[in-house]
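A short write-up of the structure that comes next.
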Amino acid sequence: MDVIVGAEDYIRPKPNPDPILVALRKINAHSNKTIYVGDVEADCIAAKKANVKFALIIRNNKGRFNICKPDFTLYSLFDLMDIVLK
């Protein structure tokens with residue numbers, strides 16, 4: 001891991017995009033080349049507001065989202081390799 005962003009690094013938490021935007025700046029990454037992996041709808045909303053793709057990792061939430069639609073669905077983090085290697 002190159003960067004860890006904690007609560008001390010931003011003012012407004014998710015679903016505001018600030019945590020993601022801080023991480024992008026810290027690693028000098030571009031939003032159009034980024035996938036954010038999360039397991040709750042606030043993660044999805046924050047990712048969309050930051051203009052990054054969102055991958056939902058299925059855990060106990062069973063993937064039920066009311067507002068935000070994930071770009072990808074993962075059943076394991078190993079599934080991410082299929083996405084990034086395309």
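What to note about this one:
- In the stretch 46-56, the qualifying residues are those that are in a helix (DSSP H, G or I) and within 9 Å of the chain's Cα centre (by Cα), and the one that is farthest from Asp82 (Cα to Cα) is Ala46.
- First in the stretch 15-38 and touching a residue at least 40 places away in the same chain (Cβ under 8 Å) and closer than 19 Å to Lys86 by Cα, second anywhere and aliphatic (A, V, I, L, M) and surrounded by fewer than 16 Cβ atoms within 10 Å (Cβ to Cβ), Cβ under 9 Å, 6 or more apart: Ile35/Leu80; Ile35/Ile83; Ile35/Val84; Val37/Leu77; Val37/Leu80
- Scanning the stretch 1-14 for residues that are assigned to a helix (DSSP H, G or I) and either without any contact (Cβ under 8 Å) to a residue 12 or more places away in the chain or closer than 14 Å to Pro70 by Cα (or both) yields a count of 2.
- The stretch 11-38: number of residues that are surrounded by fewer than 15 Cβ atoms within 10 Å (Cβ to Cβ) and under 11 Å from the mean Cα position of the chain (by Cα): 0
- Pairs linking a residue in the stretch 66-84 that is over 15 Å from Ala46 (Cα atoms) to a residue that is aromatic (Phe, Trp, Tyr) and surrounded by 10 or more Cβ atoms within 10 Å (Cβ to Cβ), with Cβ atoms under 6 Å and 6 or more positions apart or on different chains, are Ile83/Phe72.
- Filter result for Glu8 (touching a Cys at 6+ places or on another chain (Cβ under 6 Å) and either surrounded by 11 or more Cβ atoms within 10 Å (Cβ to Cβ) or at negative phi (or both)): no
- Restricting the stretch 25-66 to residues that are among the hydrophobic types (A, V, I, L, M, F, W, C) and in contact with a helix residue (DSSP H, G or I) (Cβ under 6 Å, 6 or more places away or on another chain), the residue that is modelled with the lowest pLDDT is Phe65.
The values are calculated or read from the model by the stated rules, or taken from the named source; none is laboratory data. A quick note: this is a predicted structure, and the numbers were derived from the prediction, not measured. Neighbour counts run over all protein chains shown; Cβ positions are idealised from the backbone, glycine included.
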